[in-house]
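Enquirer: Sharing a structure here in structure tokens format.
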Amino acid sequence: MMKKTLMTAAVLAASFSGQAMAEGTLNIVKERGVVQCGVTTGLAGFSNPDEKGQWAGLDVDVCRAVAAATLGDATKVKFIPLTAKERFTALQSGEIDILSRNTTWTQTRDTQLGLNFAGVNYYDGQGFMVSKKLGVKSAKELDGAAFCIQAGTTTELNLADYFRMNGMSYSPVVFDTSDQTVKGFEAGRCDAITSDQSQLYALRIKLVDPEAAMVLPEVISKEPLGPVVRQGDDEWFNVVKWTHNAMLNAEEMGVTSANTDEMLKSANPNVRRLLGLEGPKGTGLNLNDDWAYQIIKQVGNYGEVFDRNVGKDSPLQVSRGINALWSDGGLQYAPPMR
Amino acid sequence: MSLSDRPTSESSAIKSGSSRFWNDPDKRALMFQILLVLGLAAFLLSIINNTLSNLEQRGITTGFAFLDVEAGFGILQSLIPYTETDTYGRTFFVGLLNTVLVSVLGIIAATVLGFFLGVGRLSKNWLISKVCTVYIEIFRNIPLLLQIFFWYFTVLRTLPSPRQSLEFLGSFLNVRGLYLPQPVGGEGFNVVWVMFFAGLGATWLLKRWANKRQEVTGQDFPMLYAGLGLIFGLPLIAFFLMGMPMTVDHPVLTGFNFVGGITIIPEFMALWLALTIYTAAFIAEIVRGGILSVPHGQLEAATALGLPRSKTLRFIILPQALRVIIPPLTSQYLNLTKNSSLATAIGYPDLVSVFAGTTLNQTGQAIEVIFMTMAVYLTLSILTSIFMNWYNSRKALIER
């Protein structure tokens, strides 16, 4: 029901609103004093409420960092849980300021939905998780299998492509939320769950018996995940883009949440520019000069955020892999701040 | 001269009846209605214009061109041939037909079950009437979505995996669904179909004749047996005469699951069961109310005339009760159709799940998709309504 209300609201908003766009999201956020951030309905490591009811995760920290940069306070975020189906409408209609919800960057989404992807905070790929009982070692052995999928994802399309390419058949069982998808898998409705690999690890620890399930080695697609904003608001687009870049640059220069204040005394011109002591500072972004300092101090650099939420300090234990910095052989690369 | 002119022109205006038109109540009412319609039209037009300009301003693609684009995703159940390479337009029809399927089968089952429950609740047998009461009170007081979840997640979980399927009469039941053997008509099987429809036609003609005869002579005709004989007997005879031109496609366990035969997916079973059981409870109360609305004197009169109980029900009670039953029954049918959109919660590929779900999300054209979906439910509801109103007008009391 909630879903229908939201959808109706979105359609109505598209019909009536005309003013919100003109003003600029950055100004609206500053006036409102809070960033409205669209996240998942619960996905460990990316956006999930913890035992105290606080949202935590890699995607959540993107929004916290944006709040730190724009408002100087990383806690000034209102998280709005959305299903995969609702997410774009919520952003288009102005219900949220940023969509940070495991969203794959594709051409259609970037060009036809009136949206812009502000970077990639996690390079992912689609995989399969099966029950160990099945005795399957490779996705190629899954001919004729039933798959539990979440509705409205690129996963649905990749699965169809993969099976068509390999001349195999399958039956898709499509659910609304990842919770229902896991329930369907546990009930034995399908042989396998397919989703982005990071999600599979997150879903696996939610299972009653995680040891009974395994993730197959095949990766069948490219899934660059990142924060999304509305098209046509370049000021806000820049803020989100450079928030991500600042976190990457901070990791590269070794600036962490623990040593930020120390680093203020650094003689390294790169560090001084990052922390807003020299260089472009905040003027071009219409932010305070210490915007990047606030991000690193309150949220941390990219490496810290990764380790804390999905990496070695988290239950997910995902290795950095292609998400390592370019200097460590990964894909994460940010333009210089000067 | 000029002074004397004016009164003459005024008085002639009054005489000719062309007094100021806003003083005429009829014309004034008409004018207000025209103004209202014009105002509404202007309002709608401005909404549409505003929407289009807003969408364009935000760089969102509009229009219905997406219906011709390849969909590229699979659908679990389809009544028409569908593959991933078909268009978004086709996903619309796949979803629509799945919605119609579960609604029509749900309406039929709920009506039958509801009538039995309604009559049962009025039964003099204590046990039957209490069982019906308990059923009605339980199922109409639990939210439908919970019931759907119950049938889907709770009942489904207890079913075995494909390799340990329950087998009966060549059918298999497991957590993936119900697998039935499928009769495949061979050469000459068309004759059987022809006879079936011929039987249907003959039954209809016979029924008209029997009704006329009953009106004139009062004699009853065993319509039920004659009808059954015509509808099922005729094709059966044809079937044997043609040398049984039929093979059976049995479901066979291969790899992960059964292949061949007819597959009834558990999502359909759960949704159909939940819709039927829930709506039947409401229909039962409507039927009970209808029967109770027939004055007791009618029953006494029938008994005095010596009509047996079954005939009293058929000829005296039900025809009078139906007049009360049909209008609220229509609402229940409409409810059932609209409630079928809860399918999306358990992944039954109905219109809302497939078209307003996946297609909407893959194309991002929310307004067009939601508009088409709403138009479908509106059309389905209006069609149901028209049919039931027609049926109602036939059953209504005709005063002579």
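Enquirer: Cα extents of segment A:125-222 along the three principal axes, largest first, in whole Å?
Expert: 34, 29, 23
Enquirer: Normalised by the residues of chain B, what does the relative contact order come to in percent, with Cα pairs under 8 Å and at least six apart?
Expert: Answer for chain B is 21 percent.
Enquirer: Can you compute the charge dipole magnitude of the protein assembly as shown about its Cα centre, using +1 on each Lys and Arg Cβ and -1 on each Asp and Glu Cβ, nothing else charged? Give it in debye, rounded to the nearest 20.
Expert: Approximately 2840 debye in magnitude.
Enquirer: Moving on to the next point. Please check which bits of segment A:219-247 a label hung off A:ASP307 would reach, taking the label as a point 7 Å along Cα-to-C-beta and the cut-off as backbone N under 18 Å.
Expert: Within reach of a label on A:ASP307, which here means backbone N under 18 Å from a point 7 Å along Cα→Cβ, segment A:219-247 contributes A:247.
Enquirer: Also: Over chain A, one equal point on each Cα, no solvent: what is log10 I(q)/I(0) by the Debye formula at q = 0.10, 0.13, 0.14 Å⁻¹?
Expert: -0.60, -0.99, -1.12
Enquirer: I've got another one for you. For chain B, which DSSP H helices look membrane-span-like by this rule: Cα extent along the axis of 27 Å or more and mean Kyte-Doolittle of at least -1.0?
Expert: B:25-57, B:88-121, B:190-217, B:266-292, B:318-339, B:366-395
Enquirer: Here's something else I'd like to know. Pop out the Kirkwood hydrodynamic radius of segment B:308-400 from its pairwise C-alpha distances, inverse of mean 1/r, in Å to one decimal.
Expert: 15.9
Enquirer: At 7 Å along Cα-to-Cβ for each site, give me the label-to-label distance between B:LEU383 and B:LEU253 in nm.
Expert: It works out to 4.1 nm between the two label points.
Enquirer: On the principal axes of its Cα set, how long, how wide and how thick is segment A:38-176? Give whole Å, largest value first.
Expert: Projected onto the principal axes, the Cα atoms of segment A:38-176 cover 53, 38, 23 Å.
Enquirer: Something else: On average over all directions, what projected area in square nanometres does chain B have, based on the convex hull of its Cα atoms?
Expert: So the Cα hull casts an average projection of 36.0 nm².
Enquirer: If you look for lysine pairs in segment A:125-222 that are eight or more places apart or on different chains, how many of them have Cα atoms under 24 Å apart?
Expert: The number of close lysine pairs in segment A:125-222 is 10.
Enquirer: Give the lysines whose C-alpha is closer than 26 Å to that of A:LYS30, dropping any in the same chain fewer than 8 places away, or say none.
Expert: A:LYS76, A:LYS78, A:LYS241, A:LYS281, A:LYS297
Enquirer: For A:ASN166, what charge total do you get from the other residues with a beta carbon under 9 Å from its beta carbon, if Lys and Arg give +1 and Asp and Glu give -1?
Expert: Once positives and negatives cancel, what remains is +1.
Enquirer: Cβ neighbours within 10 Å, averaged per peptide: list A:305-316, A:201-212 in order, most packed at the top.
Expert: Ranking, from highest mean packing down: A:305-316, A:201-212.
Enquirer: Excluding residues fewer than 8 places away in the same chain, name every one of the lysines whose C-alpha is closer than 21 Å to that of B:LYS27.
Expert: Candidates past the 8-residue exclusion: B:LYS15.
Enquirer: Oh, and also: Find the relative contact order for segment B:182-299 and round it to a whole percent, using C-alpha pairs within less than 8 Å whose residues are 6+ positions apart.
Expert: 32
Enquirer: When the convex hull of the C-alpha atoms of segment B:188-244 is computed, what volume per residue in Å³ does it have?
Expert: Hull volume normalised by residue count: 53 Å³.
Enquirer: What figure, in Å² to the nearest 10, do you get for the accessible area of A:ASP233 with a 1.4 Å probe and non-protein molecules left out?
Expert: 20
Enquirer: Can you tell which of B:VAL191, B:VAL259, B:VAL155 shows the greatest fluctuation in a Gaussian network model of chain B with Cα springs below 10 Å?
Expert: B:VAL191
Enquirer: Show which aspartates and glutamates lie in cross-link reach of B:LYS207 when reach means a straight Cα distance below 19 angstrom and same-chain residues fewer than eight apart are skipped.
Expert: B:GLU215, B:ASP220
Enquirer: What helices does chain A have that are whole DSSP H segments, at least 18 Å long along their own axis by Cα, and with mean Kyte-Doolittle hydropathy of 0.5 or more?
Expert: A:2-16, A:58-71
Enquirer: Follow-up. Give the relative contact order (percent, whole number) for chain A; include only Cα pairs under 8 Å separated by 6+ residues.
Expert: It rounds to 21 percent for chain A.
Enquirer: Now a separate question. May I ask you to work out the translational diffusion coefficient for the protein assembly as shown at 10 °C, viscosity 1.306 mPa s, via Stokes-Einstein with Rh from the Kirkwood sum over Cα pairs, reported in whole µm²/s?
Expert: Estimated diffusion coefficient is 52 µm²/s.
Enquirer: In the Gaussian network model of chain B, springs joining C-alpha atoms below 10 Å, which of B:GLY297, B:GLY357, B:GLY218 carries the largest mean-square fluctuation?
Expert: Comparing B:GLY297, B:GLY357, B:GLY218 in a Gaussian network model of chain B, the most mobile one is B:GLY218.
Enquirer: Given the options A:GLN126, A:ILE296, B:SER46, identify the residue whose Cα lies farthest towards the positive end of the charge dipole of the protein assembly as shown (+1 on Cβ of Lys, Arg; -1 on Cβ of Asp, Glu).
Expert: Most positive-ward Cα: B:SER46.
Enquirer: Taking the Cα centre of the protein assembly as shown as the origin and placing charges on Cβ (Lys, Arg +1; Asp, Glu -1), which of B:PHE168, A:LEU71, B:ALA198 is farthest toward the positive end of the dipole?
Expert: The listed residue farthest towards the positive side: B:ALA198.
Enquirer: Going by Cβ distance under 4.7 Å, what cysteines of the protein assembly as shown have no possible disulfide partner?
Expert: If one checks each Cβ against the other cysteines of the protein assembly as shown, B:CYS132 turn up with nothing under 4.7 Å.
Enquirer: Another question, if that's okay. Sorted by accessible area with a 1.4 angstrom probe, largest first, how do A:ARG273, A:ARG189, B:ARG140, B:ARG394 fall?
Expert: B:ARG394, B:ARG140, A:ARG273, A:ARG189
Enquirer: Oh, and also: Based on the Cβ-Cβ distance from B:ASN190 to B:TRP390, what FRET efficiency comes out when R0 is 30 Å, to the nearest 0.05?
Expert: 0.40
Enquirer: Using the Cα centre of segment A:26-91 as the reference point, and only Cβ charges (+1 on K/R, -1 on D/E), how large is the resulting charge dipole? Debye, rounded to the nearest 20.
Expert: So the dipole magnitude of segment A:26-91 works out to roughly 200 debye.
Enquirer: So what's the net charge close to A:ARG32: Lys and Arg +1, Asp and Glu -1, counting the other residues with Cβ under 10 Å from its Cβ?
Expert: So the environment of A:ARG32 carries a net charge of +1.
Enquirer: Still on this structure, please answer the following. Identify which of B:LYS311, B:LYS212, B:LYS124 has the largest mean-square fluctuation in a Gaussian network model of chain B, with springs joining Cα atoms closer than 10 Å.
Expert: Highest fluctuation among the options: B:LYS212.
Enquirer: With a 1.4 Å probe and all protein chains kept in place, how do A:HIS244, B:HIS250 rank by accessible area, largest first?
Expert: B:HIS250, A:HIS244
Enquirer: What accessible surface, in Å², does a 1.4 Å probe find on B:TRP204, ignoring ligands, DNA and RNA and rounding to the nearest 10?
Expert: It works out to around 150 Å².
Enquirer: Around A:ASP97, which amide H atoms from residues at least 5 apart in sequence, or from another chain, sit under 5 Å from its own amide H, with H modelled in the peptide plane?
Expert: A:GLN36, A:CYS37, A:GLY38
The values are calculated or read from the model by the stated rules, or taken from the named source; none is laboratory data. Note that the structure is predicted; figures quoted are calculated from it, not measured. All Cβ positions, even for glycine, are placed from backbone atoms using ideal geometry, and neighbour counts span all protein chains on display. Note: areas computed on protein heavy atoms with side chains; ligands, DNA, RNA excluded. Shrake-Rupley method; radii C 1.70, N 1.55, O 1.52, S 1.80 Å.
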